[in-house]
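Q: Here it is, the structure, as structure tokens.
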Protein chains: 2
Amino acid sequence: METLDEIDKSILRELQKNAKITTKELASKLNLTISPVYERIKRLENMKFIKEYVAILDKNLVNKPFTSYCQVSMRYHEEYIDKFEEEILKLDEVQECYHIAGQIDFLLKINVGSIDEYHDFIRYKLSKINNIGLLNSAFVLKEIKKTYAYNI
Amino acid sequence: METLDEIDKSILRELQKNAKITTKELASKLNLTISPVYERIKRLENMKFIKEYVAILDKNLVNKPFTSYCQVSMRYHEEYIDKFEEEILKLDEVQECYHIAGQIDFLLKINVGSIDEYHDFIRYKLSKINNIGLLNSAFVLKEIKKTYAYNI
DNA sequence: TTTATATTGGTAAATTTTTCTGTAAAAGTT
DNA sequence: AACTTTTACAGAAAAATTTACCAATATAAA
């Protein structure tokens, strides 16, 4: 982070908002020419400050309107965690999975097309993983805020 | 969704993985020429299937390595919810906020630079919002899986 | 079958990306 | 202080991509 000056940070701020901005536009915003902006972007990519560029889809339009956070605890902790993580990676419905501190072991974000699909996911996919103890679902009623940008 | 054929879905799948892919490359993958692929992308943008293109940064490199999920319940439900949501939108540390079903009202994803910063956030920013009842934090120990792509 | 509509392929202009060269300022060395 | 090295920027040219346009083809509807 200390290798980033204010110009770099401005570039990252813009690209977090809009990855499709042209170097020319960005240069104009920063009162620079194309060259330095272009080189800085390449440097930020090479140094992996920028991990990837992605298109964000409308989950309702692509028929994945149903979101749930699912808390999972393992019955015999240590020995089955690796296996659980392995299985989770294979499940397309799992958008995110975190190992968290506290009584619960894992927090999963699940995205599917309907409650029925969610039921099937829990019943026939998640529950099939060995040694799951507790399993608790919290349905998302409304997305109040969601941003992909860090406040740098 | 019914307005999307298999070609559209393939395009969306690719753009979710890599927004910087050129029309030429994409056309080659789909065994089409540039024109139809270009027009389809524009159509998907206009129809808002694609909401935005963003750069994803490395949270460790930009000094936001600490993530926590924070459960919030309101003391007097109905009347203070709007105000709470309003205040949440102003807080840069809040990456995501969902109104969820169940005992807890809101689930927040918080991203900061350190535990100290997290403490300050809870103590001096989140707690300052009126009529919060319960407040519970679950620290993320490890990110097992995180994808921005829907399985379409 | 005919008409209308949508989709594709091909081409060319406009724009952007990428590379290259030169200059100036800053930092480090003798 | 003089010299080298490094770094950041500007400008321009080359390469590649985006964008707009038109004709040809396929698809659906009348």
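Q: Could you work out the local net charge near A:Glu79, counting Lys and Arg as +1, Asp and Glu as -1, over the other residues with Cβ closer than 15 Å to its Cβ?
A: -4
Q: Please get the size of the charge dipole for chain A, origin at its Cα centre, with Cβ charges of +1 on Lys and Arg and -1 on Asp and Glu, quoted in debye to the nearest 20.
A: Here chain A has a charge dipole of around 560 debye.
Q: In a Debye calculation with equal point scatterers on the alpha-carbon sites of the stretch A:6-46 and no solvent, what is log10 I(q)/I(0) at q = 0.22, 0.32, 0.33 Å⁻¹?
A: Here the Debye-derived log intensity ratios amount to -0.60, -1.34, -1.40.
Q: Can I ask one more? If you average 1/r across every pair of different Cα atoms in chain A and take the reciprocal, what Kirkwood value do you get, in Å?
A: Computed over chain A, the radius equals 18.5 Å.
Q: Can you list the copy-to-copy distances for B:Gly113, using a point 7 angstrom from Cα toward Cβ, in nanometres, shortest first?
A: Sorted ascending, the copy-to-copy spacings read 4.6 nm.
Q: Taking the convex hull of the alpha carbon atoms in the protein assembly as shown, what volume per residue do you get, in Å³?
A: Per-residue hull volume (Cα only) is 164 Å³.
Q: Still on this structure: Hey, for B:Leu141 with labels 7 Å out along Cα-Cβ, what do the inter-copy distances come to in nm, ordered shortest first?
A: 3.2
Q: So, R0 is 41 Å and r is the distance between the beta-carbons of B:Thr3 and B:Lys83; what FRET efficiency does that work out to, to 0.05?
A: My answer for the efficiency is 0.55.
Q: Starting from the Cα gyration tensor of the stretch A:77-152, take the square roots of the eigenvalues, sort them a ≥ b ≥ c, and report rounded, prolate or oblate (rounded when a/c is under 1.5, otherwise prolate if a/b is larger than b/c, else oblate).
A: oblate
Q: Using Cα atoms only, what is the angle between the long axis of helix A:34-46 and the major principal axis of chain A, expressed in degrees (0 to 90) to the nearest 10?
A: 30 degrees
Q: Taking a point 7 Å out from Cα toward Cβ as the label site, list the nm distances between B:Tyr38 and the same residue in every other copy, smallest first.
A: Going from nearest to farthest copy, the values are 2.1 nm.
Q: Sticking with this one: Using a 10 Å cut-off around each Cβ of peptide A:16-29, what is the average number of partner chain Cβ atoms that fall inside?
A: Mean shielding by partner chains, rounded to a whole number: 2.
Q: Of the options A:Leu126, A:Ile100, A:Thr3, report the single residue whose Cα projects farthest towards the positive end of the charge dipole of chain A (beta-carbon charges: Lys, Arg +1; Asp, Glu -1).
A: It is A:Thr3, whose Cα lies furthest towards the positive end.
Q: Counting Lys and Arg as +1 and Asp and Glu as -1, each charge on the Cβ, what is the dipole of the protein assembly as shown about the Cα centre in debye, to the nearest 20?
A: So the dipole magnitude of the protein assembly as shown works out to roughly 640 debye.
Q: For a bin width of 5 Å, list the pair-distance distribution of the stretch A:4-89 built from all Cα-Cα distances, rounded to whole %.
A: 3, 11, 16, 14, 9, 9, 11, 12, 9, 5, 3, 1
Q: Right, here's the next one. For chain A, what does -39500 (n - 2.57) per DSSP helix run (n ≥ 4), summed and divided by total residues, give at 222 nm, in deg cm²/dmol to the nearest 500?
A: -10000 deg cm²/dmol
Each value in this text was obtained by applying a stated rule to the coordinates, not by laboratory testing. Every value quoted in this text rests on a predicted model; they were computed, and no experiment measured them. For neighbour counting, all protein chains shown are included, and Cβ atoms are generated from backbone atoms with ideal geometry for every residue, glycine included.
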